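Enquirer: To start, I am sharing the structure in question, which I have written as structure tokens.
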Amino acid sequence: MANAQKRKKPGLNVRNRLRATYGSEYAEKCCVITGDFDGVDWHHIDENPINSTFENLIPVKGYINQVTFEDYRRASAARDLINRPWTPIDLLRSSERWFHEGKPCLGYGAARIASRLVLNYLPLFMEYWPPATTISQSISMARHAGNDDLIADTIARDLLPISRSREGQTFSRPDRIKLLIQLAATCEDFMDLQTANTILSEVMEITSKSEDNPADVLRLYRRQAMGYTAKDARLDDAVSLLKDAQQIAAGVERDRYFSTTNALAWVALRRGDIGSAVEVLSEVSEGGLKEGYRPRRNYIAPNTAVETTLSLYSALSLYPQPGRKAHAVKERLQRQIDEGTTTRNLRVPGMAYTLSTVTPDGHYSKADGALINRLTLARNPNPKLHSVIAEAVEDLMEAPQLRLPDG
């Protein structure tokens, strides 16, 4: 059996990358399931202990890795029913919790293991097949962590094998819509707006506000509107989409309401209406933060708080004389980054939009460049990422399931 092979320790460079991703100043690694720092193993997600690459290792509590997952492995091979202390839905909840605590890397780890539970032990977790939601969450968390290698690996090893299936065990139409929106978001984050617009335009054509998942419709409307805003085109349509998204967000999650309102402010900035943008962003910032800069728990995620604060600072900096308020907001942004409301490796996927929206003429030179560079996603991501996205989009777009239900 593969798991009986001798484990290969990761090399120094891999260990350094792993610690930067999953560790802290106190410990090399944190269990993505329990949050413990003690007694944590490196879990090989493909169950090959020799494959100790960066993308294949995720920190998990030793007992879970050596006992729980081993029980899953044996029961899956024997097709036995056993107690399942950790299920994909449990790990998906952990992933969401990590995100709201400002730790998207740990959120990625939890979501990725959730997908691998289904892929590796399918007889035990058949009710979660196919794992579209957890794959989408893995990509989202890797995006928010700014790690293009993890995005590419998730698509290549988790998504593509299912999307290429010719045995009928592939993604449903709602699954494909969910995944295509996430792929478009990834393209937008790295400023490949043309590919993103192609994907979103196709999905908009076949999405039903009444038939499809409200959270997915919300993401689609917000992403399409952001694309219009970044290109300075169809701004009235962008506003209409974002207002619809706001209505949906009000019944889904506060954080998405804040991020959608933030996007509305970007449209105002694009139109040159600085006053309206500042008013909206000030309300969002004051409603979502406490003690001046910390996100309100269960109200706004740290990523969204940073993005909103950056937008407000950007808007204020557009005034001829920004004044004290701009300075105070800049200090708030600095504290959000420095004092633990975000992780060291946090990136803001919406950064590209903020920069392109509020600085069409390069005005952003007034801002603190070093501060911005700490948040900006790489402009030249792993070449593999473009390739696997193109393959996944082709598979998902061409599927006959990608149609509205009859009637």
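The values are calculated or read from the model by the stated rules, or taken from the named source; none is laboratory data. Small disclaimer: the values here were computed from a predicted structure and weren't measured. Cβ coordinates were reconstructed from backbone atoms using ideal geometry, including for glycine residues, and neighbour counts include every protein chain displayed.
Enquirer: All but one of (1) touching a Phe, Trp or Tyr at 6+ places or on another chain (Cβ under 8 Å); (2) modelled with pLDDT of 75 or more; (3) more than 25 Å from LEU220 (Cα to Cα) hold for PHE258; which doesn't?
Expert: So PHE258 meets the others, but not (3).
Enquirer: Within segment 117-169, track down each residue that is closer than 18 Å to GLU96 by Cβ and of a type in the set (Lys, Arg).
Expert: The answer is ARG143, and nothing else.
Enquirer: Give segment 34-62 a look and list any residue that's part of a strand (DSSP E or B) and in contact (Cβ under 8 Å) with a residue 60 or more places away in the chain, or say none. So that I can check it myself, show each step before the final result.
Expert: Restricting attention to segment 34-62, the residues satisfying the condition of being part of a strand (DSSP E or B) are 40-44, 57-61.
Matches in segment 34-62: HIS43 only.
Enquirer: Can you pull out every residue in segment 202-255 that is modelled with pLDDT under 90, surrounded by fewer than 18 Cβ atoms within 10 Å (Cβ to Cβ) and among the small types (Gly, Ala, Ser)?
Expert: If the condition is that a residue be modelled with pLDDT under 90, surrounded by fewer than 18 Cβ atoms within 10 Å (Cβ to Cβ) and among the small types (Gly, Ala, Ser), then SER208, SER210, ALA215, ALA233, ALA250, GLY251 are the ones that fit.
Enquirer: On the basis of being modelled with pLDDT of 90 or more and either at negative phi or touching a strand residue (DSSP E or B) at 6+ places or on another chain (Cβ under 8 Å) (or both), does GLN182 make the cut? Explain how you work it out, then say what you get.
Expert: Details: modelled with pLDDT of 90 or more: yes; either at negative phi or touching a strand residue (DSSP E or B) at 6+ places or on another chain (Cβ under 8 Å) (or both): yes.
Taking the combined requirement at face value, the residue satisfies it.
Enquirer: All but one of (1) surrounded by 15 or more Cβ atoms within 10 Å (Cβ to Cβ); (2) touching a residue at least 12 places away in the same chain (Cβ under 8 Å); (3) among the charged types (D, E, K, R) hold for ASP71; state the number of the condition that does not hold.
Expert: (2)
Enquirer: Taking SER282, is it modelled with pLDDT of 80 or more, under 18 Å from ARG335 (Cα atoms) and more than 23 Å from the chain's Cα centre (by Cα)? Steps first, please.
Expert: Numbers: modelled with pLDDT of 80 or more: yes; under 18 Å from ARG335 (Cα atoms): yes; more than 23 Å from the chain's Cα centre (by Cα): yes.
Criteria met by SER282.
Enquirer: Which residue, of ASP175, ASP149, is of a type in the set (Asp, Glu), closer than 18 Å to GLU398 by Cα and either buried (at least 23 other Cβ atoms within 10 Å of the Cβ) or over 13 Å from the mean Cα position of the chain (by Cα) (or both)? Break it down into steps so the answer makes sense when it comes.
Expert: Details: ASP149 fails: closer than 18 Å to GLU398 by Cα.
Going through ASP175, ASP149 in turn, just one is of a type in the set (Asp, Glu), closer than 18 Å to GLU398 by Cα and either buried (at least 23 other Cβ atoms within 10 Å of the Cβ) or over 13 Å from the mean Cα position of the chain (by Cα) (or both): ASP175.
Enquirer: Restricting attention to segment 209-247, which residues are in contact with an Asp or Glu (Cβ under 9 Å, 6 or more places away or on another chain), assigned to a helix (DSSP H, G or I) and not hydroxyl-bearing (Ser, Thr, Tyr)? Talk me through it step by step, then tell me what you get.
Expert: Our first condition is that a residue be in contact with an Asp or Glu (Cβ under 9 Å, 6 or more places away or on another chain); within segment 209-247, this holds for 209, 215, 217-218, 220-221, 223-228, 230.
Keeping just the survivors that are assigned to a helix (DSSP H, G or I) gives 215, 217-218, 220-221, 223-228, 230.
Once the filter is applied, which keeps residues that are in contact with an Asp or Glu (Cβ under 9 Å, 6 or more places away or on another chain), assigned to a helix (DSSP H, G or I) and not hydroxyl-bearing (Ser, Thr, Tyr), segment 209-247 yields ALA215, VAL217, LEU218, LEU220, ARG223, GLN224, ALA225, MET226, GLY227, ALA230.
Enquirer: Sticking with this structure for a sec: So, in segment 303-324, of the ones that are more than 19 Å from TRP266 (Cα to Cα) and not in a loop (DSSP other than H, G, I, E, B), which residue ends up modelled with the lowest pLDDT?
Expert: Ranking the candidates gives GLY323 first.
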